[in-house]
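Structure first, then comments.
The values are calculated or read from the model by the stated rules, or taken from the named source; none is laboratory data. Source: prediction; values computed, not measured. Neighbour counts are summed over all protein chains in view; Cβ atoms, including those assigned to glycine, are modelled from backbone coordinates with ideal geometry. Just the protein is used for accessible areas: all its heavy atoms, side chains included, with ligands, DNA and RNA removed. Shrake-Rupley method; radii C 1.70, N 1.55, O 1.52, S 1.80 Å.
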Amino acid sequence: MESKNVKVKNLEVFEVGPCENAYELGFLIGQRFSKMIKSRLATDLILQNQLLPFAHTPKSQPLLQSLSITNKKKFPEYWDELLGTADGSGSPFLEIMLLNFRKEILPFVPKTTVGSNNDDTDDDCSDILLVSDSMAIAAHNEDANVALVGHTYLIKGILSNGMSFTAYTYAGELPSCAFGFNSLGMAFTLNSVPPTEEEIVAGAIGRNFISRDLLEAQSIDDALKKIYSPEVSIGHSYNVIDIRTRRILNVETASRNRYSIREVGTEPFFHANMYLHLHVQQAHDDNSLCREERAALLPKGSKSDFLSLLGNNKDAKYPIYMTGPSLYTLCTAVIDLDEQTISIIEGNPKETEASFVFSMSSQQ
């Protein structure tokens, strides 16, 4: 049974570009993954049970209009990319828009549907980060609602200026609400954080647009400028990686131009889905707290320790590595700043080999 650690590559990599414009980029992605995008739209319970019914009520219209106007004005090219994705896949733009703004809309959806709260948790994620003399690693579990299983792909976008990016992408969404890197040696992983409703600004900039912009960051300072948007609707946690300067920053953000930076150093830094250093009101998350407590007890001295930590499933209710029934670890990404590689593991990272290993070297 020697083949148990060999993982078939389920993820498809689609290389696209350079394109004449952003709409064409989105159109080609939508066209290539049309079947997968339509499948996700049809099976995503959060979309079908909450977002769509809400979108067809008068109460939703000011919010949806504000989100549209604000994001289209700030990011016209990415808005065109989204339009292209809808047209290329043959999907209603409203549904594509709702997927991309789900975090900005869900807090305003009345909780009237029986069982709707069980559908709310559509992503989590765990990261373990370290920069020491001997090792510089960012390892990330991409956790999502089970509806996303089989509904993700990798986009390698080649831009007209010669830059390229590679982004793990949820079907129908802008690349990437998960993790990605570009040909200039910049990378990021993301963790959602749960602020309370009073911390949310309705109709402001969506996080999917910020992370799409982050794929084109030219330096760590440029990445921070892109993250520091004063108009964001809801907060996020960004792990920004620069292989050229061998630095990892954890940046926690909130609405009203609030942010906090923690430079990752020789002390292993585990981040789940609670704010750790930005002081904002946040919703209590037992899942996140349990993962933090478990991670604190586990060894963190080597890359294999990191993989074992992210593969830990000892807690039956709130494991770090998730296999359902509501949340599922879609893959694990390991960014090695010294090897200048990003590896993607489909399966438990403590026992599965990488499906993909990409060079992050700036040499094309």
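Residue check: Ala217 meets all listed conditions (1) open to solvent by 10 Å² or more (accessible area, probe 1.4 Å); (2) within 23 Å of Leu129 (Cβ to Cβ) but one, namely (1).
Among the criteria (1) open to solvent by 10 Å² or more (accessible area, probe 1.4 Å); (2) of a type outside the set (D, E, K, R); (3) out of contact with any strand residue (DSSP E or B) (no Cβ under 7 Å at 6 or more places or on another chain); (4) closer than 19 Å to Tyr78 by Cβ, the one Leu174 does not fulfil is (1).
Of the residues making up segment 58-77, those that are of a type outside the set (Phe, Trp, Tyr) and open to solvent by less than 50 Å² (accessible area, probe 1.4 Å) number 8.
Results for (1) out of contact with any Gly (no Cβ under 8 Å at 6 or more places or on another chain); (2) at pLDDT 95 or above; (3) surrounded by fewer than 17 Cβ atoms within 10 Å (Cβ to Cβ); (4) of a type in the set (Lys, Arg), shown as yes or no for each residue.
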position: Tyr23; (1), (2), (3), (4): no, yes, no, no
position: Arg40; (1), (2), (3), (4): no, yes, no, yes
position: Gly88; (1), (2), (3), (4): no, yes, no, no
position: Pro92; (1), (2), (3), (4): yes, yes, yes, no
position: Val114; (1), (2), (3), (4): yes, no, yes, no
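Consider segment 322-337 and keep the residues that are open to solvent by 60 Å² or more (accessible area, probe 1.4 Å) and in contact (Cβ under 8 Å) with a residue 12 or more places away in the chain. The one that is nearest to the chain's Cα centre (by Cα) is Tyr328. Evaluated against (1) assigned to a loop (DSSP other than H, G, I, E, B); (2) touching a Pro at 6+ places or on another chain (Cβ under 7 Å), His279 falls short on exactly one condition, (2). Are any of the residues in segment 200-212 hydroxyl-bearing (Ser, Thr, Tyr) and surrounded by fewer than 21 Cβ atoms within 10 Å (Cβ to Cβ)? No, segment 200-212 contains no residue that is hydroxyl-bearing (Ser, Thr, Tyr) and surrounded by fewer than 21 Cβ atoms within 10 Å (Cβ to Cβ). For the residues Asp143, Asp80, the requirement of being open to solvent by 10 Å² or more (accessible area, probe 1.4 Å), of a type outside the set (S, T, N, Q), at pLDDT 95 or above and not in a loop (DSSP other than H, G, I, E, B) singles out Asp80. Kindly provide the set of residues from segment 261-276 that are assigned to a loop (DSSP other than H, G, I, E, B), open to solvent by 40 Å² or more (accessible area, probe 1.4 Å) and closer than 18 Å to Ile234 by Cα, ordered by number. Correct list: Leu276 only.
Note on segment 338-364: among residues that are in a loop (DSSP other than H, G, I, E, B) and in contact with an Asp or Glu (Cβ under 8 Å, 6 or more places away or on another chain), the one that is least open to solvent (accessible area, probe 1.4 Å) is Ser355. For segment 296-312, the candidate set comprises residues that are part of a loop (DSSP other than H, G, I, E, B) and under 28 Å from Thr166 (Cβ atoms); within that set, the residue that is nearest to the chain's Cα centre (by Cα) is Gly311.
Just one of the numbered conditions (1) open to solvent by less than 70 Å² (accessible area, probe 1.4 Å); (2) closer than 28 Å to Lys350 by Cα; (3) modelled with pLDDT of 95 or more is not true of Asp222; which one? Here Asp222 clears every test but (2).
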